[in-house]
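The values are calculated or read from the model by the stated rules, or taken from the named source; none is laboratory data. Please read these numbers as outputs of a predicted model, since none were measured by experiment. Cβ placement follows ideal geometry from the backbone for every residue including glycine, while neighbour counts extend to all protein chains displayed.
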Amino acid sequence: MKLAESIVGWQEEIAGIRRDIHQHPELAYEEVRTSELVASRLESWGIPVVRGLGVTGVVGTITGRKDNGRAIGLRADMDALPMQELNTFGHASRHEGKMHACGHDGHTAMLLAAAKHLAQSRDFEGTVHVIFQPAEEGHGGAKAMIDDGLFDRFHMDAVFGMHNWPGMPVGSFGLTAGPIMASSNTFGVLIEGKGAHGAMPHLGADPLMAAVQIVQGLQAIITRNRDPLDPAVLSVTQIHGGSADNVIPTDATIRGTVRTFSDAALDLIETRMNAICEQTAAAHDCKATLDFQRKYPPTVNTAAESEFCARVMEGIVGAQHVQRNITPSMGAEDFAFMLQHKPGCYVWIGNGTGEHRDEGHGMGPCMLHNGSYDFNDDLIPLGGTYWVELARQWLANPTV
């Protein structure tokens, strides 16, 4: 493994920053302390900073020894999740109901390590923009930064992202050209019927019966309408209705999520959902209204940039530790918005299986969005080195 010696030497310092961020988690668009910490560190290393892009986003600009007209964007997310931490070790969250359970504290740390190295060495040509993004967890911080002028104010030829991945061995990377993360969409169905006494159902129009039939019918979209070679998930996660054992309610609601890798599959699912909801409800003398919300598009890596990233990784850890065609995830990532505007690649870095956690960790697995999760600080030199080598080599290669 070929690591940047300077970043290896700073591991304890950067890990201290990471653990400080972990102790003080901030939710979407509330990353005031975190963004100020990031900005002040960048400035202390001589990096010009723009604060407040997309509410609490930070962009630092590092220029090399010569301007060759090329520029690259490297992005990390900063926000935490609204969930309770189960760990009790020294750097556990100090804020009730808030936790860095997805490793954004570690993403921020790895990019800070790279920024410090690039600022001190300046051993590259061109420009590197380090992007510290707010509100990835369901609130579209990437889109907010774009709408606030990210790509208008900062020229970038390509943009890159990275996420830690529990279960993958430490010292390994994974990526694939094309979709690597799914689109994220939510839906709600309001079913309006006619209430009645539970002993006299013939006098009403039962929205719960309609809801049950709608839920079953929606699954047929996946099994009978969708191309089986185009992956998609439709999950009903909530059914609400009624308040008494002997009363048929006047209405009921269904909620859930849809994930796809293609717009074609998403269009089909939404169209069929409308038809099934409306017509099934009508068959039960009820009315159904579908509210379908498209949240995040699929995260789609461009082929040339994916190949380039893979070669950079192989130069650091060896080809045997790079999974070039990793199985995509049905999870979602708002880095997708950046890839709609610029070519680039989103990759995974192995976080291990949890052996790194300090004494006092929760009893649950070290998985994303779990109260027992903690980022592996051993990734800081590797992730920082990847960012440095990606920037240096990409800026030096005019054919990409």
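Return yes or no: is residue 69 at pLDDT below 95 and farther than 18 Å from residue 14 by Cα?
When the stated conditions are applied, residue 69 passes them.
Listed here are the residues, each with its yes/no results for (1) of a type outside the set (Phe, Trp, Tyr); (2) at pLDDT 95 or above; (3) in the same structural domain as residue 390 (by TED's automatic domain parsing); (4) surrounded by fewer than 18 Cβ atoms within 10 Å (Cβ to Cβ).
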position	(1), (2), (3), (4)
162	yes, yes, yes, no
174	yes, yes, yes, no
177	yes, yes, yes, no
191	yes, yes, no, no
194	yes, yes, no, yes
214	yes, yes, no, no
231	yes, yes, no, yes
235	yes, yes, no, yes
241	yes, yes, no, no
> Which one of the conditions (1) within 30 Å of residue 186 (Cα to Cα); (2) in a helix (DSSP H, G or I) does residue 346 fail to meet, given that it meets all the rest?
Replying inline: (2)
>> Take the conditions within 25 Å of residue 161 (Cα to Cα) and without any contact (Cβ under 8 Å) to a residue 60 or more places away in the chain and apply them to residue 320. Does it pass?
In response: yes
>> Looking only at segment 43-54, how many residues end up being out of contact with any helix residue (DSSP H, G or I) (no Cβ under 6 Å at 6 or more places or on another chain) and not polar (S, T, N, Q)?
In response: 4
> For segment 39-57, what are the residues that are touching a strand residue (DSSP E or B) at 6+ places or on another chain (Cβ under 8 Å) and closer than 15 Å to residue 118 by Cβ?
Replying inline: 42, 43, 47, 48, 49
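Which of the residues belonging to segment 108-151 are under 18 Å from the mean Cα position of the chain (by Cα) and either modelled with pLDDT under 95 or not in a helix (DSSP H, G or I) (or both)?
130, 131, 132, 133, 134, 135, 136, 137, 138, 139, 140
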> Restricting attention to segment 312-336, which residues are surrounded by 21 or more Cβ atoms within 10 Å (Cβ to Cβ), in a helix (DSSP H, G or I) and not β-branched (Val, Ile, Thr)?
Replying inline: 313, 335, 336
> Are any residues in segment 247-276 over 18 Å from residue 210 (Cα atoms) and part of a loop (DSSP other than H, G, I, E, B), and if so, which ones?
Replying inline: 261, 262
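A quick yes/no check of all residues on (1) assigned to a loop (DSSP other than H, G, I, E, B); (2) within 19 Å of the chain's Cα centre (by Cα); (3) among the acidic types (Asp, Glu):
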| position | (1), (2), (3) |
| --- | --- |
| 352 | yes, yes, no |
| 371 | yes, yes, no |
| 374 | yes, yes, yes |
| 385 | no, no, no |
> Are any residues in segment 219-228 among the hydrophobic types (A, V, I, L, M, F, W, C) and either touching a helix residue (DSSP H, G or I) at 6+ places or on another chain (Cβ under 6 Å) or modelled with pLDDT under 95 (or both), and if so, which ones?
Replying inline: 221
>> Based on this model, can you work out whether residue 378 counts as closer than 18 Å to residue 168 by Cβ, within 19 Å of the chain's Cα centre (by Cα) and charged (D, E, K, R)?
In response: no
